[in-house]
1. By per-residue mean of other Cβ atoms within 10 Å, what is the highest-first order of 250-260, 145-155?
2. Give me the Kirkwood hydrodynamic radius of the range 66-218 in Å, from all C-alpha pairs, to one decimal place?
3. Give me the orientation-averaged projected area of the Cα convex hull of the range 20-78, in nm², one decimal.
4. Calculate, in nm to one decimal, what residue 308 and residue 387 gain on full extension: separation in residues at 0.36 nm each, minus their alpha carbon distance.
5. Using only the C-alpha atoms of the range 169-219, find the volume of their convex hull and express it per residue in Å³.
6. Given labels modelled 7 Å from the Cα in the Cβ direction, how far is it in nm from residue 291 to residue 118?
7. Suppose the Debye formula is applied to equal point scatterers at every Cα of the range 318-398; what is log10 I(q)/I(0) at q = 0.21 Å⁻¹?
8. Strictly over 30 Å apart at the Cα level, which of 99/345; 239/307; 99/239; 99/144; 144/307; 99/307 would you flag in this model?
Amino acid sequence: GPVTLASVPLALALTSKACVEHEAVGECFRSLMDDDVIDERMAVMLLLILERRRGARSPAAPYVEAIPARFRTPLHYSADETRGLAGTNLHAAASQQRKALDSVLRERVRPAGARLFRAMRAWERERRGWFGRTFVGGFTSAAKITEDEFRWAYSAYWSRALSLPIGADPTAPTVEAIVPGIDFANHSCGAPNARWAVRGVRGGSPDASDPSGPRVELLGEFGSLPAPGEEVVISYGDKTNEELLFVHGFADRDNPHDALVLQPPWVVDEFGEGGFTDGEKKQLSKETSEERELRIEANRSREALRKFRGLPSQVVLPAVPPARGLAGLDETTVATLTLWGLSPKALEFELHAEVATRLAGLSEREAREDAERTVGRSKPTDAERRAAALGALRDALDAQGARLEEATGFGQSRGGRGPAAGSRAAIAAAVKAASERRVDEVVAA
């Protein structure tokens, strides 16, 4: 059976329930959530900011001080570090995340924080000395929440929260929580020697038959228990290196769950996909006006068809190519690749038939015949679709490789300047540029 390595009372978990039960600002937290100013996750983030500001006066001070002061996710990268992600999917994701969080900070977090700090100040005033002149430890700062504070709390929450099966509501059986102590266990992709579990809870309520009460335990199994001095590691889930780096700030070279996320191979300026590589800019500069118009129209057709069919805007491939090739990929992935690779004329046929079926109410046969008359070609054959999917896969791999090569400089140097790729000088320059970054970040990027 399992062996308990650590046990943490559930009452210590940082949840929205802990927020509304806060001795000083519980009612304020309740009001903020009832008014939909913040949600349960944001409440816990604000709780972390509040207790961090309270310093030694906070009952949670030992735990808050143990949380890293700085996280190593792309959200916290410097401008130079962020440029190191150029050519990867994480570059766009990190940029979008920063913009979204800046908006949330201005519109929700700061107004909610101002209300919390006012409530905190009122509570502290009530606890002045008898003569109304002193308050041990001073007052908690009511200054506007900074960008760094919010990003710290956001990263602390998302890198540490667990989804605990303790919800009393059948429609919401899990509750997100940070469990002090359990959250310090690191991740192992291939060989975790422990796992966490909730004990002493049944149907969302304390289990009367368990004298130890509700708790979260870190469990090991006989036969795979960590040896004396060995680190206790758990699994954060079957996550790719992209997700691990984005959420937790690290990557695992031997990650068996890693995957390759591919973006469309074409240049899509009309959809706001800026930031072209030099190669893409060169390609665009050679286009005639007719070629540009055809490209834009074809890509609009692809985008319309993608939305009609509910297909993703990117594809996720296994890190190791399947032995059966396309046949080893799921239907959605193959359908997306096929859409990427169809010729403009085939795309026109597909879109016309799709619109006729969905909007004009024609049967599949009627829509096909109408498309054949209008477009002047027949429905793409299975062989044509397979060739389109394979061609799109090759093009997407080449395009992503080109973006990475140009972003990292591990190819022909721009303008012929700089050391030759693969030379000692080029390697030395790359090592020097990466000297202040962690190895796992460089590997992931």
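1. Going from most to least packed, we get 145-155, 250-260.
2. One over the average 1/r among Cα pairs gives 19.6 Å for the range 66-218.
3. 5.1
4. Stretched fully, the residue 308-residue 387 segment lengthens by 26.2 nm.
5. In the range 169-219, the Cα convex hull volume per residue is 106 Å³.
6. Simple spin-label model gives 6.3 nm for this pair.
7. Evaluating at q = 0.21 Å⁻¹ gives log10 I(q)/I(0) of -0.93.
8. 99/345; 144/307
Throughout, read-outs are computed from the coordinates displayed, never taken from laboratory work. Predicted, not measured: the structure shown is a model, and the values here were computed from it. Ideal geometry is used to build each Cβ from the backbone, glycine not excepted, and the neighbour counts take in all protein chains shown.
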